[in-house]
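For reference, the structure is listed below as structure tokens.
The values are calculated or read from the model by the stated rules, or taken from the named source; none is laboratory data. Since we're looking at a predicted model, the values are computed, not measured. Reconstructed Cβ throughout: ideal geometry from the backbone, glycine too, with neighbour counts over all protein chains shown. Each accessible area value is taken on the protein alone, full model and side chains, heavy atoms only, with ligands, DNA and RNA left out. Shrake-Rupley method; radii C 1.70, N 1.55, O 1.52, S 1.80 Å.
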Amino acid sequence: MKTKAAVIVEPGKPFEIEELDLDGPRDGEVLIRYTHAGLCHSDLHIMTGDLPARLPMVCGHEGAGIVEDVGPGVTRVKPGDHVVCSFIPNCGSCRWCATGQQAICDWGATILQGSLPGDRFPLTGPRGDYGAMCMLGTFSQYGTIHQNSAVKVDDDLPLDKAVLVGCGVTTGWASAVYAADVQPGETVVIYGVGGIGINAVQGAAYAGAINVIAVDPLENKRAKATELGATHTASGNDEANQLAYDLTRGVGADKAIITVGVVREPEITAAFNAIRKGGTVVITGLGNVAEPTINVSGTVMALFKKTIKGTLFGDANPTYDIPKLLNLYRSGTLKLDELITNTYGLDEVNQGYEDLEAGKNVRGIVTLEH
Ligand SMILES: NC(=O)c1ccc[n+]([C@@H]2O[C@H](COP(=O)([O-])OP(=O)(O)OC[C@H]3O[C@@H](n4cnc5c(N)ncnc54)[C@H](O)[C@@H]3O)[C@@H](O)[C@H]2O)c1
Ligand SMILES: [Zn+2]
Ligand SMILES: [Zn+2]
């Protein structure tokens, strides 16, 4: 079948909209009609070359839709099911899946190659084989994905909101609740209030943090953070540092979570300086993969028993956490509607990323038409 998709052909060049051929589902695979996709900064990292992906690649890794067809051996979903895609697949049996660490499932190895297991590229077109970001490629009307990337959700949930739980909401919320392990009464600094950071704010508030300090140079982002649980905001690192120490009688923040769009050395150094002895910095945001961005005194780190750790997907287990977060949405505890700033058509993906870069969007979403 044919599908219209937004493709990165060369680093540094905008998306091109192309009509591609899509092979149907084989063993373990699922044909999905994407209804919505979220505009996450990670796709921009592919566009800029921060993340070196095999190109051409159909981007988009936050996605939701309806199962149209399944290949042999598919047990997780059936035609007609509503699904949210998990940007890391989970095989269920590798060492990491078997120990409750689905976010680092071995199947994640080819997310930047964009192929399904066995070097399979269901998408082809004028430039040969096309990869699909995170083995999804949600900036497309249709996709052939593996069942290990599909999480069934209840039919009554609005997919235009549920889509956000495929990456941004889960990654941000879990960065606070799991990776940073925020505890009641703690003070947390969150650097960068985009689609990931705003959900770290929600997660930290949910976990009982008494002070949630949201840092962003943009006023609209700070206002959204206040609306969704931040107790304090700062426009820069010095102001955040001051708040972290003032609010804790000079002790420092318990946790710092870095969710800026392009992570560089100053944010990590600032977070390291804002935390107390025994405190933790969580790096969730990404930057240029080749650029060293941690440059702190190992001796200070030892003497103050500080931890700097990375996280993928906030350490979540998508088959458990995606439905769980949607239940929290249903109960009114987790806000999703309030996260969506702008909606775009597939042809407007470049506009969507211009708006993201200009700081206009907390989250933008693409509505796919068929
Ligand atoms: N680790 C993971 O699993 C994972 C998953 C998804 C996204 N990410 C990464 O998380 C990052 C955030 O993604 P997003 O979609 O929320 O991006 P975004 O561009 O929507 O938001 C980034 C925010 O950071 C702010 N910002 C920029 N520089 C800042 C600074 N120096 N100090 C404070 N704020 C600053 C921007 O104003 C913006 O509001 C990206 O690097 C993305 O690739 C990581
Ligand atoms: Zn993402
Ligand atoms: Zn696995």
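Under a 1.4 Å probe, what is the accessible area of the stretch 85-155 per residue, stated in Å²? Write down the numbers at each step before the final one.
Values: 2490 Å² over 71 residues.
Per residue, the stretch 85-155 has 35 Å² of solvent-accessible surface.
Would you compute, from DSSP H runs of 4+ residues alone, the mean residue ellipticity of the chain at 222 nm, taking -39500 (n - 2.57) per run and dividing by the full residue count, rounded to the nearest 500? Present the calculation step by step, with values, prior to reporting the outcome.
Working: 11 runs with 90 residues, N = 370.
Theoretical 222 nm ellipticity from helices: -6500 deg cm²/dmol.
Looking at the stretch 107-199, which trypsin sites (Lys or Arg not before Pro) are DSSP coil and have at most 15 other C-beta atoms within 10 Å of their C-beta?
Sparse-neighbourhood loop trypsin sites (Lys or Arg not before Pro): Arg127.
Where does each of 356-363, 310-317, 194-201 land if you order them by average Cβ count within 10 Å, highest first?
Details: 356-363: 18.4, 310-317: 22.0, 194-201: 31.2.
Descending mean neighbour count gives 194-201, 310-317, 356-363.
Given +1 on the Cβ of Lys and Arg, -1 on the Cβ of Asp and Glu, and no further charges, what dipole in debye does the stretch 1-125 carry about its Cα centre, rounded to the nearest 20? Working shown, then result.
On the way: 10 positive and 16 negative charges, 55 e Å.
Computed charge dipole of the stretch 1-125: roughly 260 debye.
What residues have an amide H closer than 5 Å to that of Tyr130, excluding those fewer than 5 places away on the same chain, when H is modeled at 1.01 Å from N in the peptide plane?
The list, which skips near neighbours in sequence, is Leu123, Thr124, Gly125.
Determine which lysines satisfy two conditions relative to Lys161: a Cα distance under 25 Å, and not lying fewer than 8 residues away in the same chain.
Excluding near neighbours in sequence, the set is Lys4, Lys78, Lys152, Lys221, Lys224, Lys324, Lys335, Lys360.
When DSSP beta bridges are limited to those with both residues in the chain, what percentage is antiparallel, rounded to the nearest 5?
Working: 39 of 67 bridges.
Bridges in the chain are about 60 percent antiparallel.
If you roll a 1.4 Å probe over the chain with all protein chains in place, what percent of the accessible area is carbon or sulfur? Numbers along the way, then the final one.
Working: 7070 of 14100 Å².
Ligands and nucleic acids excluded, carbon and sulfur reach 50 percent.
In whole Hz, with x marking every Gly and Pro, tabulate ³J(HN,Hα) for the stretch 230-243 from phi via Karplus 6.51 cos²θ - 1.76 cosθ + 1.60, θ = phi - 60°.
Each residue of the stretch 230-243 in turn: 6, 8, 9, 9, 9, 8, x, 5, 5, 5, 5, 4, 4, 4 Hz.
Where a Cα-Cα gap under 16 Å defines reach, which aspartates and glutamates qualify for Lys305, not counting those fewer than 8 residues away within the same chain?
Asp254
In the stretch 235-284, which trypsin sites (Lys or Arg not before Pro) fall in coil by DSSP and have 12 or fewer other Cβ atoms within 10 Å?
Details: sites: Arg249, Lys255, Arg264, Arg276, Lys277; in loops: Arg249, Arg264.
Here the trypsin sites (Lys or Arg not before Pro) that fit, given the DSSP loop and packing criteria, are Arg249.
With the chain treated as a Gaussian network of Cα nodes joined by springs under 10 Å, which of Thr99, Thr280, Thr248 yields the largest mean-square fluctuation?
Between Thr99, Thr280, Thr248, it is Thr99 that shows the largest mean-square fluctuation.
Distance between the C-alpha centers of the stretch 217-276 and the stretch 88-117? Whole Å please.
Between the Cα centres of the stretch 217-276 and the stretch 88-117 lies a distance of 32 Å.
Under the Karplus relation 6.51 cos²θ - 1.76 cosθ + 1.60, θ = phi - 60°, what is the ordered set of whole-Hz ³J(HN,Hα) values for the stretch 183-200, x standing for Gly and Pro?
Rounded to whole hertz, the list is 10, x, x, 7, 10, 10, 10, 10, 9, x, 10, x, x, 8, x, 4, 7, 5.
Under a 10 Å cutoff between Cα atoms, tell me which one of Ile308, Ile111, Ile66 has the largest fluctuation in the Gaussian network model of the chain.
Ile308
Can you compute the radius of gyration and Dmax for the stretch 138-189, using only the Cα atoms, both in Å?
Computed over the Cα atoms of the stretch 138-189, radius of gyration and Dmax are 15.2, 46 Å.
Once phi is turned into ³J(HN,Hα) by the Karplus curve 6.51 cos²θ - 1.76 cosθ + 1.60 with θ = phi - 60°, what whole-Hz value does each residue of the stretch 215-223 show in order, with x for glycine and proline?
Result, ordered by residue: 10, 7, x, 9, 5, 5, 6, 5, 5 Hz.
Check Thr35: other-chain or 5+ apart residues with amide H under 5 Å from its amide H, H built from backbone geometry?
Ala64, Gly65, Ile66
In the stretch 1-81, which trypsin sites (Lys or Arg not before Pro) are in a loop and have at most 16 other Cβ atoms within 10 Å, using DSSP for the loop call?
On the way: sites: Lys2, Lys4, Arg26, Arg33, Arg54, Arg76; in loops: Arg26, Arg54, Arg76.
Hits after loop and neighbour filter: Arg26, Arg54.
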